[in-house]
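Enquirer: Structure in C-alpha cells, see below.
The values are calculated or read from the model by the stated rules, or taken from the named source; none is laboratory data. Remember, it's a predicted structure, so these values are computed and weren't measured experimentally. We place every Cβ from the backbone using ideal geometry, glycine too, and count neighbours over all the protein chains shown. For the accessible areas, the whole protein counts, side chains as well, though only heavy atoms, and no ligand, DNA or RNA atoms are used. Shrake-Rupley method; radii C 1.70, N 1.55, O 1.52, S 1.80 Å.
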Amino acid sequence: MTILKISKKHHKHLNNPFPSPPTSLPLLQGNLLFNSQTLRRSSPHHFPLGSDFHLSWTSTDGGSLSIHHRSHPKRALWSTLAGHPFVSAALAETEVEESRGSFLVRDTKLHLVCNHQTIQEIRVINNHDQLPDSPSGFFGFDRKLDSPGTQFQFPIVLVTGWVFNTKTRTRISQRECEGKGPSTCAKYWVLFEQKNSDQIGFRVKVGQPNFELSTKACPSSGGSGRYKGFRRRLGRFQKRRLRWFWSFARPRGFVLVSSSEEELEELKAQEFKEFNRVCLTYSSDENERFFGFGEQFSHMDFKGKRVPILVQEQGIGRGDQPITFAANLISYRAGGDWSTTYAPSPFYMTSKMRSLYLEGYEYSVFDLTKHDRVQIQIHGNSVEGRILHGTSPSELIQCFTETIGRPPKLPDWIISGAVVGMQGGTESARHIWNELKTYDAPISAFWLQDWVGQRETLVGSQLWWNWEVDSTRYRGWKELVKDLSAQHIRVMTYCNPCLAPCHEKPNRRRNLFEEAKKLDILVKDRHGETYMVPNTAFDVGMLDLTHPDTGSWFKQILRAMVDDGVRGWMADFGEGLPVDATLYSGEDPISAHNKYPELWAKINREFVDEWKSIRSSEENEDPEDALVFFMRAGYRDSPKWGMLFWEGDQMVSWQTNDGIKSAVVGLLSSGLSGYAFNHSDIGGYCAVNLPFINYRRSEELLLRWMELNAFTTVFRTHEGNKPSCNSQFYSNDRTLSHFARLAKIYKAWKFYRIQLVQEAAERGLPVCRHLFLHYPDDEHVHNLTYQEFLIGTEILVVPVLDKGKNNVKAYFPRGETSCWEHIWSGKQYSKQGSEATVDAPIGCPAVFVKTGSIVGQTFLKNLTDLKIL
C-alpha cells in the first residue's frame with residue numbers, strides 16, 4: 001500500500017481547462033465521551049494554566065473545554081463544541097501533483113478514521129516531578145529538561161484519552177465522515193502551557209493505532225455523545241453503573257467492531273505504526289469573520305471556505321477568464337485558483353478577537369465550511385500551535401509578530417523615491433535616467449533585472465540564471481553604478497536560489513551551476529543525482545539550503561555583487577522545492593517545501609546583517625549606505641527574515657483574482673498576517689499575446705496602478721514579461737509626467753512612512769492596513785476587500801480599480817471621531833458609517849486625511865511645496 005504518490009505534470013499539454021477541485025479528507029464528526037469519575041460532574045471546573053490563563057471544563061451538553069485569560073475571565077479565547085470530539089485521526093493515501101512550481105494535494109483513499117473521542121483525564125501538572133510518561137520527546141519534555149534556562153511556565157494542563165471508531169463506510173464522497181476502516185483506537189495527548197502573558201501553546205499527539213481489539217458487536221456511539229446516553233446503549237453489555245472504563249493500555253468497558261478483517265490484516269501487515277492525519281476541531285460563531293492566512297489574493301474573509309496552506313506559484317488568472325482557461329489548457333493547472341499563493345501562513349484572527357496559528361511546516365487545511373466550527377487537518381500525527389489573547393486586531397498582530405519575528409527597519413533610501421524597473425543594458429538605463437531628469441522625478445534606485453544578460457528561448461527573452469554581471473549587455477557596469485550613486489541613486493539587481501547550466505553563454509566568467517554541483521550543494525532526486533527542475537523553457541538546479549556549505553557559498557556571490565556597488569536585489573522564487581527531493585538534512589521534503597522560502601530569506605538576511613556589521617566598523621561608514629532585498633515567496637516566519645516583500649506576478653488586467661484588485665487584497669491580507677512591508681509591480685507583470693487571448697497593459701491601467709502604489713511602502717515599476725506589449729512609464733510624455741507626479745505624491749508622505757516603518761519594526765503593524773485593523777466593530781468594514789485601505793491611521797485611500805471610471809464610492813467608518821478631508825477639494829466628510837461618491841480623475845486619486853491631524857497637515861503642506869496642490 002502506497003501512502004504517498006507523486007505525479008509529475010511538467011510536460012503535460014492540452015489539459016482540462018476546467019480542472020476539478022482536489023478530493024480531500026471529509027470534515028470529521030463524531031461524539032465525545034468523558035470519564036465522570038475523574039472529571040467532576042459539577043460545572044464548570046477551572047484548571048490553572050500558568051499565571052495568566054485557565055482552562056475550563058463543563059459537562060453540560062456532553063462536555064466541552066474552553067480557555068480564558070484572567071483579564072477577561074468570561075470571554076473564551078478557544079473552546080470546543082459540546083459533545084463533539086476536538087481530536088480525531090485518520091490514515092489516508094495522498095497524491096501530490098506537481099507542475100512547474102504548482103502543487104495539488106489530493107486524498108485518494110481513506111483507510112482509517114477515528115472520529116470519536118474519550119476524555120480520560122484532565123491533569124494539572126505543577127512541576128517537573130509530576131511530568132507523566134509520554135511519547136519520547138514529543139511534548140518537548142526531554143528537550144526542556146536538558147536545556148538549561150528553558151522550562152515550562154507551571155502549572156500546565158495535560159488532557160489524555162482515546163480516539164476510536166465503531167462504524168465503517170465504504171464510500172466517503174460526502175463532506176461528513178462518521179468512521180472508516182476496521183475498528184481501531186489510539187491514545188492521544190493534548191498539552192496546554194502558557195508561553196507568555198498573551199499566548200497559550202498547545203501540542204497534540206496521537207499514538208499508534210491499536211488493531212488488537214475484541215470483535216464482539218457494539219452499537220454505534222452516535223447520538224448526543226453524552227456519557228449517560230452512551231451507557232444506556234451499552235446497558236445490555238454492562239448492567240452496573242458504568243465508571244471509568246478505559247486505561248492507559250486500551251479502552252475497556254466497550255468493544256469495537258472490526259467489520260473488515262481483510263483490511264485489518266492488510267493494515268497490520270503493512271506495519272502502519274502511526275496515523276498520518278490529525279484533526280483539531282473547535283467552535284466558531286456563525287457570524288464570525290476570519291482574516292489572515294498569509295498573502296491571499298481573492299478574499300479577505302474566509303468563513304465558509306476551505307483554506308490550504310501550501311507555498312506555490314499563485315497561478316495565471318486564478319479563476320479570472322479567459323486567461324485561466326488558456327493557462328490550464330496549455331500547462332497543467334497553471335491557472336491556479338482562489339487559494340493558490342506564494343506566501344500562505346497557518347495563522348488567522350477573527351472578528352470575535354480570537355486568533356490561532358500553527359507551528360511547524362506540515363501541509364495543513366483550515367476547514368471553515370461549517371457555520372459552528374473550525375477543523376484544522378494536519379498531514380502528520382501531531383501538531384503544535386498557539387492560541388493568542390488580544391482585545392483588538394492590532395494587539396493580536398503585535399502578539400503574533402512578537403513570537404514569529406518582525407522585519408528590520410528599512411533603509412531610508414528605498415522609501416525616499418521611485419524604484420525604476422529597467423532592462424536593456426547600459427545605454428538604455430542612461431537614456432531613461434536622462435529623460436527622468438527633465439521631469440524632476442524623485443528617484444531612489446534603478447532596478448536592473450537583466451544585469452545577468454538575456455537569452456532567447458522558446459518562450460521569448462529570458463535571463464541567464466548565472467548570478468554575475470553580463471559585461472556585454474552592461475558595458476561599463478561599475479561606472480554606471482558609480483555615476484548613479486553620485487546622484488544618490490542606488491542600483492538594484494536580481495537573483496534566485498536556482499542555477500541554470502550556462503555552457504553556451506559566451507561571455508561568462510564563472511559557471512555557478514557547475515561550481516555548486518561540484519560542491520554537492522544542489523538538491524538531489526531520489527536516485528542521488530542533481531535534481532533538474534523544469535522552469536518554463538529550461539531546467540535548473542536548486543540550491544540545497546539545508547546543506548551547511550550552501551549559505552557561505554551563496555553569500556560570496558552576493559558579496560561580489562555588493563562590492564561592485566549594488567545596494568539591493570530581488571530575491572526571487574523559493575516556492576518550488578519538489579516534494580520528492582532528497583535534502584542534505586534528510587528531512588521530509590513536503591514539510592521542507594513550506595520551510596524553503598524562509599531558509600532562502602534567512603541566507604539573504606544573514607548576508608545583509610553581516611555586511612552591515614563589517615561596514616559599521618569602518619571609519620567612513622555611511623549609515624544610509626545600507627542593503628535591502630525583496631522577495632515574493634514566504635511562510636509564517638518570513639517577516640522575521642525578509643526585509644521587504646512584493647506580491648509576485650499579477651496579470652496586466654483590471655480583473656479581481658489576478659489583476660489590480662488582487663494586488664490590493666494581497667497587500668491587506670498579508671498585512672494582517674505579519675507582512676508589514678509589501679507592494680506590487682506597478683502595472684502588473686504577466687502579459688499574454690495569444691491568437692485569441694490578449695492581455696496587454698493599457699495606458700489607463702498603468703496610470704491607475706501608479707496611483708495605487710504611490711500609497712504603498714515602495715513605489716517600483718516593472719516592464720513586465722513582455723515589455724513591447726505593455727504601456728511603460730517612459731512610453732510618452734503623458735506617462736512620464738504622470739509617473740513624476742505620483743513619485744512626488746509618494747515623496748510627500750515620506751515623513752509618515754518613516755514613522756510607520758519604525759512602528760512596523762517595533763510592533764509588527766503593517767504600513768498599509770485593512771480598515772478592520774482599527775474599526776473592528778464596524779460590520780460594514782468586515783465586507784470590504786479591495787475597495788479602500790488605510791495608511792497607518794491618518795490617511796484613507798480609495799483607489800480607482802475599474803476601467804473607464806472617474807469616481808469612486810468612499811466609505812467612512814463608524815468609530816472615528818475626526819472628519820475626513822478630501823485632499824484635492826478640501827471637502828470634509830463627518831458622518832460616520834456613510835458612503836459618498838467622490839470624483840477621482842486620472843492624476844487625482846481619492847485620498848483623505850483626518851481633519852486637524854499633524855500627519856494630514858504635513859502631507860498637504862508637502863504636496864503644496866512640491867507643486868502638486
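Enquirer: In this structure, is residue 447 in contact with a Phe, Trp or Tyr (Cβ under 9 Å, 6 or more places away or on another chain), open to solvent by less than 20 Å² (accessible area, probe 1.4 Å) and under 25 Å from residue 480 (Cβ atoms)? Don't jump to the end; show me each part of the working.
Expert: Numbers: in contact with a Phe, Trp or Tyr (Cβ under 9 Å, 6 or more places away or on another chain): yes; open to solvent by less than 20 Å² (accessible area, probe 1.4 Å): yes; under 25 Å from residue 480 (Cβ atoms): yes.
So residue 447 fits the description; yes.
Enquirer: State whether one or more residues within segment 747-760 are touching an Asp or Glu at 6+ places or on another chain (Cβ under 6 Å) and either small (Gly, Ala, Ser) or buried (at least 22 other Cβ atoms within 10 Å of the Cβ) (or both).
Expert: Looking for residues that are touching an Asp or Glu at 6+ places or on another chain (Cβ under 6 Å) and either small (Gly, Ala, Ser) or buried (at least 22 other Cβ atoms within 10 Å of the Cβ) (or both), one finds none in segment 747-760, hence no.
Enquirer: Moving on. For residue 782, indicate whether it is crowded, with 21+ Cβ neighbours inside 10 Å, within 22 Å of the chain's Cα centre (by Cα) and within 16 Å of residue 300 (Cβ to Cβ). Working first, answer last.
Expert: On the way: crowded, with 21+ Cβ neighbours inside 10 Å: no; within 22 Å of the chain's Cα centre (by Cα): yes; within 16 Å of residue 300 (Cβ to Cβ): yes.
Criteria not met by residue 782.
Enquirer: Run residue 452 past the list (1) open to solvent by 10 Å² or more (accessible area, probe 1.4 Å); (2) within 35 Å of the chain's Cα centre (by Cα) and report the number of the one that doesn't hold.
Expert: Only one criterion is unmet by residue 452, namely (1).
Enquirer: What's the number of the only condition in (1) in contact with an Asp or Glu (Cβ under 9 Å, 6 or more places away or on another chain); (2) open to solvent by less than 40 Å² (accessible area, probe 1.4 Å); (3) not in a loop (DSSP other than H, G, I, E, B) that residue 560 fails to meet?
Expert: The one condition residue 560 does not meet is (2).
Enquirer: Something else about it: Out of 461, 471, 444, report the one residue that is at pLDDT below 95, among the hydroxyl-bearing types (Ser, Thr, Tyr) and not in a helix (DSSP H, G or I). So that I can check it myself, show each step before the final result.
Expert: On the way: 471 fails: at pLDDT below 95; 444 fails: at pLDDT below 95.
It is 461.
Table: residues versus (1) under 30 Å from residue 186 (Cβ atoms); (2) in the same structural domain as residue 306 (by the TED database).
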residue: 337; (1), (2): no, yes
residue: 348; (1), (2): yes, yes
residue: 354; (1), (2): yes, yes
residue: 375; (1), (2): yes, yes
residue: 382; (1), (2): yes, yes
residue: 416; (1), (2): no, no
residue: 420; (1), (2): no, no
residue: 426; (1), (2): no, no
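Enquirer: Anything in segment 825-840 that is part of a loop (DSSP other than H, G, I, E, B), open to solvent by less than 60 Å² (accessible area, probe 1.4 Å) and touching a strand residue (DSSP E or B) at 6+ places or on another chain (Cβ under 9 Å)? List them, or say none. It would help to see each step written out before you state the result.
Expert: Taking segment 825-840 and keeping what is part of a loop (DSSP other than H, G, I, E, B), we get 825-827, 830-833, 840.
Checking which are open to solvent by less than 60 Å² (accessible area, probe 1.4 Å) leaves us with 826, 833, 840.
Within segment 825-840, 833, 840 qualify.
Enquirer: Shifting gears a bit: With a cut-off of at least 1 residues that are surrounded by fewer than 22 Cβ atoms within 10 Å (Cβ to Cβ), touching a Cys at 6+ places or on another chain (Cβ under 8 Å) and assigned by the TED database to the domain that holds residue 45, name the strands (runs of 3 or more DSSP E) lying wholly within segment 84-134.
Expert: Here the list reads 102-114.
Enquirer: Could you list, in sequence order, all residues of segment 306-338 that are of a type in the set (A, V, I, L, M, F, W, C) and either free of Cβ contacts under 8 Å to residues at least 24 places away in the same chain or touching a helix residue (DSSP H, G or I) at 6+ places or on another chain (Cβ under 6 Å) (or both)?
Expert: 311, 316, 327, 334
Enquirer: Filter segment 314-338 down to the residues that are among the charged types (D, E, K, R) and either crowded, with 23+ Cβ neighbours inside 10 Å or out of contact with any Ser or Thr (no Cβ under 9 Å at 6 or more places or on another chain) (or both), then identify the one that is modelled with the lowest pLDDT.
Expert: 333
Enquirer: Right, another one. Taking the condition of being open to solvent by less than 10 Å² (accessible area, probe 1.4 Å) and of a type in the set (Asp, Glu), how many residues in segment 649-696 meet it?
Expert: Matching residues across segment 649-696 total 2.
Enquirer: Here's something else I'd like to know. Between residues in segment 175-197 that are under 27 Å from residue 51 (Cβ atoms) and open to solvent by 10 Å² or more (accessible area, probe 1.4 Å) and residues that are in a loop (DSSP other than H, G, I, E, B) and modelled with pLDDT of 95 or more, which pairs lie under 6 Å by C-beta distance while being six or more apart or on different chains?
Expert: Qualifying pairs under 6 Å: 197/52.
Enquirer: Among the residues of segment 801-813, are any more than 26 Å from residue 288 (Cα to Cα) and touching a Pro at 6+ places or on another chain (Cβ under 6 Å)?
Expert: For segment 801-813, residues more than 26 Å from residue 288 (Cα to Cα) and touching a Pro at 6+ places or on another chain (Cβ under 6 Å): present.
Enquirer: Look at segment 729-742 and say how many of its residues are open to solvent by 10 Å² or more (accessible area, probe 1.4 Å) and under 31 Å from the mean Cα position of the chain (by Cα). Reasoning before the result, please.
Expert: Restricting attention to segment 729-742, the residues satisfying the condition of being open to solvent by 10 Å² or more (accessible area, probe 1.4 Å) are 730-734, 737-738, 741.
Retained after the next criterion (residues that are under 31 Å from the mean Cα position of the chain (by Cα)): none.
Residues that pass the stated criteria total 0.
Let's see how each residue does on (1) in a loop (DSSP other than H, G, I, E, B); (2) touching a helix residue (DSSP H, G or I) at 6+ places or on another chain (Cβ under 9 Å):
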residue	(1), (2)
676	yes, yes
691	yes, no
700	no, no
706	no, yes
713	yes, yes
719	yes, yes
